[in-house]
Amino acid sequence: MEGSAARSVLREVFGHAAFRVGQETAVDAVLAGRDAIVLLPTGAGKSLCYQVPAVVLARGQRTTLVVSPLIALMNDQVAALAGRGIAAAALHSHQDEDARRAAIGALMRGELALLYVSPERAVLDGFRRLLARAPIGLLAIDEAHCVSQWGHDFRPEYLRLAELREVIAAPVIALTATATPRVLAELAASLGLRDPATVRGDFARPNLAFEVSHLSRDEARLEATIEALERAGLRQRHGSGRGIVYCATRKKSEAVAAALRSAGFAVGHYHAGRTALARERAHEAFGVGRTRVLCATSAFGMGIDFPDVRAIVHFQAPGSLEAYYQEAGRAGRDGLPGHCLLLYGPGDIVTQRRLHELEGGSALLARRREEALEAVTAYAFAGRCRQQLLCAHFTGADEHAPCGRCDVCVDPERARARSAPRPDPEVAALPPAARQIIVDAVGALERSIGKVNLARALRGSRAKAMTAHGLLHLPQHGLLVDASEASILAAIDELVQERRLVRRGRKYPTLALPGASAARAARTRGADSPAAGQRRAAGRGRRLPRTTDVQLELDRYRKRMARKLRWKSYMVLQRATILAIDQQRPASHADLARIPGLGPAKIARFGDDILAVVRRYPRPD
């Protein structure tokens with residue numbers, strides 16, 4: 001009887017002709033008084049698994065209590081339900097006393113189909129006493145993976161939700177989009193579920209194309225991000241579709257947003273460090289299309305439901321595959337194609353470890369976090385279908401055929417090369433020539449600086465600190481772009497131990513060449529610098545590398561286009577790309593495709609102009 005009532009509610013209230021896979025099993029279970037666990041991927045319709053029963057139960061004046069972790073999510077759900085004529089309310093700290101009193105009164109009179117509360121409020125003694133007198137027909141626990149210390153978003157308050165069974169004589173339905181078999185087992189035990197019906201959906205998303213690019217430098221990552229957003233048609237300030245760029249830290253999300261804005265994108269940023277009003281405005285602007293791209297941390301997370309997200313870019317690798325799949329799964333909810341790009345570098349794992357250290361936690365949690373990072377790294381270097389791997393991670397079984405859309409399926413040779421064992425570039429030893437570049441750079445310094453700023457200058461950083469210290473004009477700026485910062489720092493420490501460099505100062509130590517005081521170093525720096533050596537060599541008649549006409553013309557071209565597009569110059573062409581063009585002298589678009597730093601989008605936009613420059617300045621015989 002109640003099963004047919006549920007199907008009637010689905011059609012007449014929610015406007016769906018039939019349940020999706022897994023939904024009907026969950027609905028029938030809880031309406032029969034049985035506990036249930038629902039594991040369905042993002043966008044598969046978890047909410048209907050408790051909302052449909054809630055409407056059925058409301059006809060008997062029984063309310064469904066929904067525990068939800070985010071106020072914004074509660075408000076969105078309540079507004080959507082009200083739009084369908086369903087009596088729903090929420091209790092949270094942003095309400096005034098009159099609103100809270102009205103919601104509680106409606107609950108006690110049996111007038112609500114659904115009441116949303118936070119886990120913190122749900123376990124308060126006063127609220128539990130209230131629930132003991134309220135007509136509760138179902139307890140729904142959303143984002144239930146938060147109950148597990150093995151989960152990626154552990155919330156201690158979730159551990160106490162089992163106490164609600166002492167005052168509520170109703171079935172419990174626990175719902176999540178991201179839980180491994182191990183998390184599901186702990187979830188059932190922690191919530192005290194009794195012989196639960198388990199619904200496990202299909203995690204395959206055939207309309208999504210997953211891709212991983214191994215990039216360390218922010219400049220290269222920004223270029224890849226721009227290309228992904230352009231491919232999704234998101235450069236225009238108006239149009240259909242959206243994109244989300246996820247960053248690991250607040251600072252990075254702001255920096256990436258600023259860079260994309262300079263590149264001409266309508267972009268906003270969202271993180272927990274902004275005020276509630278600023279976050280609300282950023283969310284609203286993205287929702288109504290005033291901004292088509294949003295740079296965000298994981299704070300822009302649970303309950304986000306936009307159907308037309310065409311591109312998800314992870315500018316830095318996240319802390320777990322669970323977090324990654326939940327965030328990437330926000331693409332293509334309308335069933336149309338979506339592109340999910342993960343930019344990975346060893347430094348991302350270091351960043352995640354630092355964030356974990358700040359969060360603290362038990363030894364058990366620390367071990368789980370490290371295992372999660374290992375899973376992310378294994379995914380990044382995988383030589384098998386990415387969608388296949390993700391589905392197996394959540395189901396524990398290899399039951400899916402290759403997707404045919406991810407980068408591994410499209411280009412298996414490149415994937416096999418990427419998955420081959422390789423030394424960790426984060427701590428790789430530098431060759432003698434690279435170590436000599438470090439020594440030469442210290443000799444060429446115009447002022448004393450610390451080793452971190454020196455390392456970043458050698459890697460080509462253009463941060464404000466580089467300008468402040470005059471490092472952008474250092475002859476060795478960017479010469480060690482392929483080395484990691486950690487490798488350069490380790491080499492500097494070795495050079496100090498070998499007495500090829502010395503440290504000066506205690507509180508803020510700086511680097512210098514040995515055997516001279518700071519004053520003498522300042523006097524002799526010009527004579528001993530590599531630039532001076534080059535001048536002396538030129539005076540002796542030696543021929544030195546010179547800047548060619550092609551390099552000069554392309555440099556002027558990239559600056560001109562950068563002004564026109566409101567980009568940074570390196571976003572048009574990086575210096576290394578210009579040097580490669582000059583060396584290889586391409587004659588066609590196919591030749592351009594073989595030059596590092598020139599992807600399809602850049603070749604389509606700038607290729608003809610580049611080829612015209614090369615033809616204008618033929619190589620001298």
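Nothing in this text is a laboratory measurement; each read-out follows from the coordinates by a stated rule. Predicted model, so just to flag it, every value in this text is computed and none were measured. Cβ coordinates were reconstructed from backbone atoms using ideal geometry, including for glycine residues, and neighbour counts include every protein chain displayed.
Near Asp334: Cβ cut-off under 15 Å, other residues only, Lys/Arg at +1 and Asp/Glu at -1. The net charge is +4. Relative to the longest principal axis of the Cα atoms of the chain, the long axis of helix 218-231 makes an angle of roughly 60 degrees. Annotation: extensible slack from Val496 through Arg101 equals 135.3 nm (criterion: 0.36 nm per residue apart, minus Cα-Cα distance). Among Pro307, Ala255, Ala491, whose Cα lies farthest out toward the positive end of the dipole of the chain, if unit charges sit on the beta carbon of Lys, Arg (+1) and Asp, Glu (-1)? Going by the Cα projections, it comes out as Ala491. When you count the other C-beta atoms within 10 angstrom of each residue and take the mean per peptide, 76-86, 322-332, 371-381 line up highest first as 322-332, 371-381, 76-86.
For the chain, the longest principal axis of the C-alpha atoms and the axis of helix 432-444 are separated by about 80°. Between amide H atoms placed 1.01 Å from N, distances below 5 Å from His314 occur with Tyr246, Leu341, Leu342, Leu343, all of them 5 or more places distant or on a separate chain. Dividing the summed helix terms, -39500 (n - 2.57) for each DSSP H run of n ≥ 4, by the number of residues in the chain produces a 222 nm estimate of -14000 deg cm²/dmol to the nearest 500. For Thr198, the residues whose modelled amide H falls within less than 5 Å of its own, excluding neighbours fewer than 5 places apart on the same chain, are Ile37. Between Ala258 and Ser588, full extension at 0.36 nm per residue minus the direct alpha carbon distance yields a gain of 115.4 nm.
Estimated at 0.36 nm per residue, the fully extended path between Thr548 and Lys251 surpasses their Cα-Cα distance by 103.0 nm. Net charge of the neighbourhood of Ala188, taken over other residues with C-beta under 14 Å away and scored Lys/Arg +1, Asp/Glu -1, is +2.
Label positions at Ala363 and Glu284, each projected 7 Å from the Cα along the C-beta direction, are separated by 5.1 nm. Share of pairwise Cα-Cα distances greater than 29 Å in region 208-419 is 23 percent (whole percent). Remark: the chain is approximated by an ellipsoid whose semi-axes, taken from the C-alpha gyration tensor as √(5λ), come to 55, 27, 22 Å, largest first.
Straight Cα distances below 18 angstrom link Lys559 to the aspartates and glutamates Glu219, Glu223, Asp549, Asp582, Asp608, Asp609, with same-chain residues fewer than 8 positions distant left out. Would you please give the FRET efficiency between Ser4 and Asn75, computed as 1/(1 + (r/R0)^6) with r the Cβ-Cβ distance and R0 = 35 Å, to the nearest 0.05? The value I calculate is 0.60. Relative to the longest principal axis of the Cα atoms of the chain, helix 575-584 runs at roughly 60 degrees. Computed from the C-beta positions of Arg563 and Glu157 and an R0 of 45 Å, the FRET efficiency is 0.30 to the nearest 0.05.
In the structure displayed, which of Lys46/Lys251; Lys252/Lys464; Lys252/Lys564; Lys251/Lys564; Lys451/Lys602 lie more than 24 Å apart, Cα to Cα? Violating the 24 Å Cα-Cα cut-off are Lys46/Lys251; Lys252/Lys564; Lys251/Lys564; Lys451/Lys602. Restricting attention to the chain, close to 5% of DSSP beta bridges with both partner residues there are antiparallel.
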